[in-house]
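What follows is calculated from the coordinates using simple rules that are stated; it is not laboratory data. Note that this is a predicted model, so its numbers are computed, not measured. Here the Cβ positions follow ideal geometry from the backbone for every residue, glycine too, while neighbour counts run over all protein chains shown.
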Amino acid sequence: MNLETSSENLYNNADSFAIAFDEAWKDCERGNDKNIKIDEKIRITFEKIKTHPFLIENPIQSKSIALFRIKLLGLN
């Protein structure tokens, strides 16, 4: 997922971040080794969405949301 070329609107809120995170996580899952630890997958995923305004302004809360979504949706 490349946010610079994305046609979607990005908002500085948790919902917009969650949508971007989910898409980037799925993209990360397709190409990476399944044995990578969760923290490393989150780092790789965050790199894919590094220009998202919510991630930039709320990095700690973004990680909490990411961990919650991983647990909630069984993404690990």
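Look at Phe46, Phe21, Phe68, Phe54 and count the other Cβ atoms within 10 Å of each Cβ; fewest to most, that gives Phe68, Phe46, Phe54, Phe21.
The charge dipole of the range 35-76, taken about the Cα centre with unit charges on the Cβ atoms of Lys, Arg (+1) and Asp, Glu (-1), comes to about 120 debye, rounded to the nearest 20. With the simple spin-label model, which puts each label point 7 Å out from Cα in the Cβ direction, the Asn9 to Asn35 separation comes to 4.5 nm.
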